[in-house]
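Data first, discussion second: the structure below is written as structure tokens.
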Amino acid sequence: MKKALTAIAAAAFAFAGLSATASAENEKFVLISHAPDSDSWWNVIKNAIKVAGDQMGAEVEYRNPPTGDLADMARIVEQAAATNPDGIIVTIADFNVLKGPITDAVDKGIPVITINSGTQEQSEELGALMHVGQPEYDAGFGAGKRAAAAGAKSFVCVNHYITNPASVERCRGFADALGVELGSQMIDSGQDPSEVKNKVSAYLNSNPDVDAVLTLGPNSAHPTLAALRDAGLAGEMMFGTFDLSSEIAEAIKAGEINFAIDQQPYLQGYLPVVILTNYARYSVLPSGHINSGPGFITKDNIAQVEKYAGEYR
């Protein structure tokens, strides 16, 4: 299966070089994410849709709820569908909240590809063409196996977007790999850096036996790293994080973060635009979902990817 999906991705890249010159129809696509304006991780996806749009000769608009409010996101999906675009790319941040607007778009005949958040099963239930993303539970479980191999027995999962059910799956997978209950080991940190840092510091002070930390992205990783540095614990306990940034890359090189889980967001933005363009022009479509991750970035391979952090990785 992995080889098949790799071949699909390779074919999409190959098609990218042909489609724009073969038939530039100026298709209009909309990508709608759940991310607030403050989440810089999505800059990679914004760059990806720009590159893909330029290559395909298509117009791709990025839209999101400024504060991350999911009810607002649902309205944005409805508004996008009302413009009858040639395709919608959307995250399944909360299946129950977004089910109505997404299925309405599908029922109107608008091709939909889901990305990033959500599961392949949810994507199918919504009637989407496919899902391009990372199985969140599996990614968390893989991270937990690495922590367990290093001897970790207890942990804290710093969840900065707990309203997204997929985030909990990341923490749950980590806990299951360690063979422990998630319970209170997941904290709702919020997104304000000072608040995240204070909550992590308070948790570590109250739970001195914690020997592993999992953060769910740069928004929580950066202030958590600051908290560990202040406590003299940076580099002293297992620290894994989802996603990559220049600061995370530097911390990996310094031995303060053991690994970053790379879901390759560039592919989550780029591939749907290429696929939807070819679907609109030639009615061709890959036959399955595409797993963009997880991959693990460590000291051993950070040099290969850090120069692209924030733009392509």
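The values are calculated or read from the model by the stated rules, or taken from the named source; none is laboratory data. In this text the structure is predicted, and so the values were computed from the model without any measurement. Glycine also receives a Cβ, built like all others from the backbone with ideal geometry; neighbour counts cover every protein chain displayed.
What to note about this one:
- When residues of the stretch 114-129 are limited to those that are outside any loop (DSSP other than H, G, I, E, B) and not aliphatic (A, V, I, L, M), the one farthest from the chain's Cα centre (by Cα): GLU125
- Residue check for LYS145: in a loop (DSSP other than H, G, I, E, B), basic (Lys, Arg) and not assigned by TED's automatic domain parsing to the domain that holds VAL273: no
- Options ILE92, ILE110: the member that is touching a residue at least 24 places away in the same chain (Cβ under 8 Å), assigned by TED's automatic domain parsing to the domain that holds LEU31 and over 14 Å from the mean Cα position of the chain (by Cα): ILE110
- Boolean, GLY133 is surrounded by 19 or more Cβ atoms within 10 Å (Cβ to Cβ) and under 23 Å from ILE45 (Cβ atoms): yes
- Answer residue from the stretch 162-181, given it is of a type in the set (A, V, I, L, M, F, W, C) and either crowded, with 17+ Cβ neighbours inside 10 Å or over 22 Å from ALA260 (Cβ atoms) (or both) and is farthest from the chain's Cα centre (by Cα) among those: VAL180
- Flag for VAL132 being touching a Pro at 6+ places or on another chain (Cβ under 7 Å) and not in a helix (DSSP H, G or I): yes
- Checked against (1) surrounded by fewer than 21 Cβ atoms within 10 Å (Cβ to Cβ); (2) touching a residue at least 60 places away in the same chain (Cβ under 8 Å), ALA152 meets all criteria but (1).
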